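S.K.: My structure is below; once you've seen it, I'll send some questions.
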Amino acid sequence: MGISVAALRARTQTPGGRKALRYAVVSVISVAVSQVTLFALFAGFHWTARSANVAACVVGGVPSYYLNRRWTWGKRGRSHLWREVAPFWIVALASLVVSTVVADLAEAQAVEIASSRMAQGLIVNAAIIATYGVIWVAKFLLLNVLFVPVADEAPA
């Protein structure tokens, strides 16, 4: 089952395809921010994988929320606490819990596999990237529901 470049390009011209592409770009940005933070804190400052992951998730979550809200879903104005902010951060917290368990497991394995803190950091980062790859699609589907304008809002 192959997908041609032309078919992918045509898909990005649809509203859903543009939204998915924007979500992917925002994900790349927020993952880059969180991965740099994770690696710097774990390998550079010798934090535990758990505490470095918590900090990285918070630091990466802020641009993720604002870029997704504004650019991916086209929302403007004040955020609605119960329809946008709380659900976004609940999903982020659930992702944090899963990724922190993975970070702990990865750190334990990394210490057994590699002697240098840099190599251990790369192992922890790889585990977290894989974890967020699995979570990515579910978050897109959920956020797509959260940020859809309700009937009493004007479209952005």
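Read-outs: derived from the displayed coordinates by stated rules, not from any lab. Just so it is clear, the model here is predicted, and its values are computed rather than measured. Neighbour counts run over all protein chains shown; Cβ positions are idealised from the backbone, glycine included.
S.K.: Could you tell me which of F39, L81, P15 has its Cα farthest along the dipole of the range 5-146 towards the positive end, charges placed at Cβ (Lys, Arg +1; Asp, Glu -1), taken about the Cα centre?
M.R.: Of the options given, the answer is P15.
S.K.: Under a Cβ-only charge scheme (Lys and Arg +1, Asp and Glu -1), can you give me the dipole magnitude of the range 3-83 about the Cα centre, in debye to the nearest 20?
M.R.: Details: 12 positive and 0 negative charges, 117 e Å.
With Lys and Arg at +1 and Asp and Glu at -1, about 560 debye.
S.K.: With +1 on each Lys and Arg Cβ and -1 on each Asp and Glu Cβ, how big is the dipole of the chain about its Cα centre, in debye rounded to the nearest 20? Numbers along the way, then the final one.
M.R.: Values: 14 positive and 6 negative charges, 145 e Å.
So the dipole magnitude of the chain works out to roughly 700 debye.
S.K.: Between helix 15-39 and the chain, what is the angle of the helix's C-alpha long axis to the longest principal axis, kept within 0 to 90° and rounded to the nearest 10?
M.R.: 20
S.K.: Among L142, T72, S99, whose Cα projects farthest towards the positive end of the dipole of the chain, with charges put on the beta-carbon of Lys, Arg (+1) and Asp, Glu (-1)?
M.R.: After comparing all options, I get T72.
S.K.: Which length gain, in nm to one decimal place, applies between E112 and A20 when the Cα-Cα distance is subtracted from 0.36 nm times their residue separation? Each step should come with its number before you reach the end.
M.R.: Numbers: separation 92, 0.36 × 92 = 33.12 nm, distance 3.90 nm.
Stretched fully, the E112-A20 segment lengthens by 29.2 nm.
S.K.: Once label points are set 7 Å from the Cα along Cα→Cβ at both V137 and A94, what is their separation, rounded to one decimal in nm?
M.R.: 1.6
S.K.: Helix 86-113 versus the longest principal axis of the chain: what is the Cα-based angle in degrees, 0 to 90, to the nearest 10?
M.R.: Roughly 30 degrees between the two axes.
S.K.: Let me ask something additional. What ranking of F42, F140, F88 emerges when the number of other C-beta atoms within 10 Å of each C-beta is taken as an exposure proxy, fewest first?
M.R.: On the way: F42 31, F140 17, F88 21.
Result, fewest neighbours first: F140, F88, F42.
S.K.: If you take the charge dipole of the range 5-146 about its Cα centre, with +1 on Lys and Arg Cβ and -1 on Asp and Glu Cβ, which of A49, V25, I90 is farthest toward its positive end?
M.R.: Result: V25.
S.K.: Rounding to the nearest 10 and keeping the result within 0 to 90°, find how far the Cα-based axis of helix 49-67 lies from the longest principal axis of the chain.
M.R.: Here the helix axis deviates by roughly 20 degrees.
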